[in-house]
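The values are calculated or read from the model by the stated rules, or taken from the named source; none is laboratory data. Note that the coordinates shown come from a computational prediction; the quantities given were computed from them, not determined experimentally. Counting neighbours? That spans all protein chains shown, and the Cβs are built from the backbone with ideal geometry, glycine included. These accessible areas exclude ligands, DNA and RNA; they are computed on the full protein's heavy atoms, side chains included. Shrake-Rupley method; radii C 1.70, N 1.55, O 1.52, S 1.80 Å.
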Amino acid sequence: MTEMGTQSAPNAPRRAPLARFLLVLVPLALMLVSFVWIASLDPLRSFNNGAPPVEALTVERTVLDQSGLQLLVRAGGSEPMVIAQVQVDDAYWLFTQVPAGPIARGDTAWIRISYPWVLGEAHLVNMVTNTGTAFEHEIALALPTPRATVNQLVPQAIVGAIVGLLPVALGLMFFPAMRGVGPAGMNFLLTLTIGLLAFLLIDMTNEALELAAESAALFQGSAMVWLAALASFLLLMAIGRWRGAPVGIALAFYIALGIGFHNFGEGLAIGASFAAGSAGLGTFLVLGFALHNVTEGIGIAAPMLKARPPLWTFPALTLLAGGPAILGMWMGSLAYAPQWSALALAIGAGAILQVIVEVGAYLLRSNPDRQAALFSPAVMAGLISGIGFMYVTAAFIKI
Amino acid sequence: MQENDTPAVNPGRRAVLLGGLVSAGGAAVMAKGALSQAAPAHGAMVGHDMSAMSADPYSAPVGHVGGHGDMMTVGVVDHAANGFDPTAMLTDWYTGTTSTLADGRTLRTFEIEAIDKEIEIAPGIFFPAWTYNGRVPGPAIRATEGERLRIVFKNFGSHPHSMHFHGIHSARMDGVPGAGLINPGEEFTYEFDAKPFGCHLYHCHALPLKRHMHKGMYGLFVIDPDPARHPEHAVAAKSRQFGTPENAQWQELAMVMNAFDTNFDGGNEVYACNTVGHAYMNAPIRIDKSRPVRIYLLNVTEFDPINSFHLHANFFDYYDQGTTLTPTLKTVDLITQCQAQRGIIEFSFAEHETGLYMFHAHQSEFTELGWVGHFDVVEPTA
């Protein structure tokens, strides 16, 4: 029995590549034929209960300028959708649509309305389709939409630098002080890192899911977020483990990469809040933000305490972890759509998870007696401090 | 509306706060904005004031091309496909067919059919209406006081319907459940005397009433006064009696203020006079300035408690419910009507220059959602 079983595999017929190709073509051709047949004969006709087509319209961008209002809408209906009229603040307004005509499922179009909007006030756009279905879009605060000008990009870069580069650089400056700590101190710092990364993971996942919920249904926001996070996690794990588990400077760079994704996502959201016209921040809150992010630098520095990083490592790490915030600011304010921000945040969440795993693995490897180390006061204190610090400082910046 | 009511952008709160950080960063820009009148209250926003924008927030968006003149629907309604034209409807009275009864009185017979029909209520917006005789509002029924009226009603719609007349009649003829409310495919004949004279209405009284009303089942029901019965106001009565030479001097218009909740959320998307939003903006009503104007005005707007009629650059006399031959309100330029309220408006442009004179509801929201029109006052055509 066993012999027969082992013999059957080599005896399986081996096919020429051309024959295999043709065998693949057969089901594909049948699939095509059956689809054409179903579409042409419409055997599902009897299910038609006279219901109107399902309509879905998602506003992905809102631009306010001297020509009025412009909305980028994406249709997600079961049939091409016709925007018949547009109301602004309960009044019909002339509008133009580019490209004109019915909007096919998944397609986008710009709706332009020559509307004298009022600075600093709220407006409500209501798009009425040919079936009378209405899709509302609120402009919570009317502000001119930023443009890609030097006047615009430079202040944004400054904010990006304050949000991304400054805290990382400040955190990395703890490196000399942190060097030479004992095993307990080392465990504390590593678990502090894990704690703050865990906070970022939860934060990013939440934000990604929130954004995903706002995007058009055809992007399947929630599935996209989870799958993108999983894919980015697996991909980075595979790359990281190419030549053994990353340690020291390499691990620091992976952490910087994960945090860089996080800051990129943050930048996108900030830029988008520009485009959306959200504003209002005092110096106190700016400082709260810097404090909140300062642990990012400490976390990056923690795994290289036993290494001898050359000096260029520090600006490189700072740029990798903080620089993306600036890029995110620009992209977010200029080309904003919720699904792409959700995607960026999801990729970042995967990256954060990867470094949590790697820092955790490094922690376990560096402690011969794993069980004792895992429940040591230093490890517990580090985890709680990491999460606690992030949570408490987040209170400064969440309103 | 609800399921898709998603704002395009909802950046994290963290991000919202940071939005203002750019304001702080862009101190140079802010310095310019500080001169503006909004600077103290809206400092952060002025910080957003980008290169292309003026420092004065009130001047920022005013430079639009078109601006306020663009407040209109796009395109035109295909009246032929609808089967009714708001302009023709103004003067399209349904007087039925007459015969003489044994006692010498006039018997006036009307035939009304309930029909489901999709109609275009604003350019490109289609509404699944329930109609009387395929039109919304239903036929403007007109009779004279004292006549015997017979209305043969057939229900070709998909739901039970009725005709409930605002008039004086017996309980059996009331058009409520159990008295003239009929199922699809059935027929009922309402019969009663035409009284009291005035500007009335009929509508479907099937339940739920709100849905049957706003789907389009209503119409004017005008009973002209019999001059013989009102010797003290014979001139006024004669001018109101349809078909008399005195009446022909008047330019009479049938106007029904209605609205449509196209997404069935309990709020109207389109407001109109005679169904089609902006109809009389696109096709102003031609008025011969030498002849007086009389409007039979009815409000059947659902969901909003009242509607109104305002005439520009002129004043009018108003006969609430039309049951008097002297005005109930003299020299006004605005009247309000609650649901099912109606009345007669009389005015003249004889002393006016020719030109376009606007009329509309003076609830700005109704006006801007379609209930607005123009009288095109012209010299006598001779």
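Tabulated results
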| quantity | calculated |
| --- | --- |
| Matching residues, the stretch B:254-295, being in a loop (DSSP other than H, G, I, E, B) and more than 30 Å from A:PRO53 (Cα to Cα) | B:ALA283, B:PRO284, B:LYS289, B:SER290, B:ARG291, B:PRO292 |
| Close pairs from the stretch A:225-238: first aliphatic (A, V, I, L, M), partner open to solvent by 40 Å² or more (accessible area, probe 1.4 Å), Cβ under 6 Å, at least 6 apart | A:VAL225/A:LEU209; A:ALA228/A:LEU343; A:ALA228/A:ILE347 |
| Selection count, the stretch B:362-382, where residues are of a type in the set (A, V, I, L, M) and under 12 Å from the mean Cα position of the chain (by Cα) | 2 |
| Listing of strands (runs of 3 or more DSSP E) fully contained in the stretch A:58-160 that carry 2 or more residues being farther than 23 Å from A:ALA217 by Cβ and facing chain B (nearest Cβ under 8 Å) | A:83-88 |
| Where A:MET173 falls short, out of the listed (1) open to solvent by less than 50 Å² (accessible area, probe 1.4 Å); (2) over 30 Å from B:GLY267 (Cβ atoms) | (1) |
| Qualifying positions in the stretch B:74-99 - open to solvent by 60 Å² or more (accessible area, probe 1.4 Å) and farther than 26 Å from B:ILE295 by Cα | B:ALA81 |
| Single match in A:SER222, A:SER215, A:SER232 (criterion: hydroxyl-bearing (Ser, Thr, Tyr) and open to solvent by 40 Å² or more (accessible area, probe 1.4 Å)) | A:SER222 |
| Neighbours by Cβ (under 6 Å, 6+ apart or cross-chain): first from the stretch B:151-177, open to solvent by 40 Å² or more (accessible area, probe 1.4 Å); second among the polar types (S, T, N, Q) and not in a strand (DSSP E or B) | B:PRO160/B:ASN183 |
| Unique match (being in contact with a Leu (Cβ under 8 Å, 6 or more places away or on another chain), within 20 Å of A:TYR254 (Cα to Cα) and open to solvent by less than 60 Å² (accessible area, probe 1.4 Å)) among A:LEU196, A:LEU200, A:LEU192 | A:LEU192 |
| Residue in the stretch B:100-114 that is of a type in the set (Phe, Trp, Tyr), open to solvent by less than 10 Å² (accessible area, probe 1.4 Å), within 14 Å of chain A (Cβ to nearest Cβ) and outside any loop (DSSP other than H, G, I, E, B) present | no |
| Residues located in the stretch B:239-253, provided they are part of a helix (DSSP H, G or I) and either open to solvent by less than 70 Å² (accessible area, probe 1.4 Å) or of a type in the set (A, V, I, L, M, F, W, C) (or both) | B:SER239, B:ARG240, B:ASN247, B:ALA248 |
| Sole exception among (1) crowded, with 20+ Cβ neighbours inside 10 Å; (2) free of Cβ contacts under 8 Å to residues at least 60 places away in the same chain for B:GLY138, by number | (2) |
| Whichever residue in the stretch B:69-91 is of a type in the set (D, E, K, R) and over 16 Å from the mean Cα position of the chain (by Cα) and, among such residues, is farthest from the other protein chains (Cβ to nearest Cβ) | B:ASP78 |
| Residue among A:ALA307, A:ALA275, A:ALA290, A:ALA349 that alone is at pLDDT 85 or above and either open to solvent by less than 30 Å² (accessible area, probe 1.4 Å) or within 26 Å of A:PHE389 (Cα to Cα) (or both) | A:ALA349 |
| The stretch A:80-96, residues that are within 30 Å of the chain's Cα centre (by Cα) and open to solvent by 20 Å² or more (accessible area, probe 1.4 Å) | A:PRO80 |
| Only listed residue being free of Cβ contacts under 8 Å to residues at least 24 places away in the same chain, of a type in the set (Phe, Trp, Tyr), within 14 Å of chain A (Cβ to nearest Cβ) and open to solvent by 10 Å² or more (accessible area, probe 1.4 Å), chosen from B:PHE303, B:PHE264 | B:PHE264 |
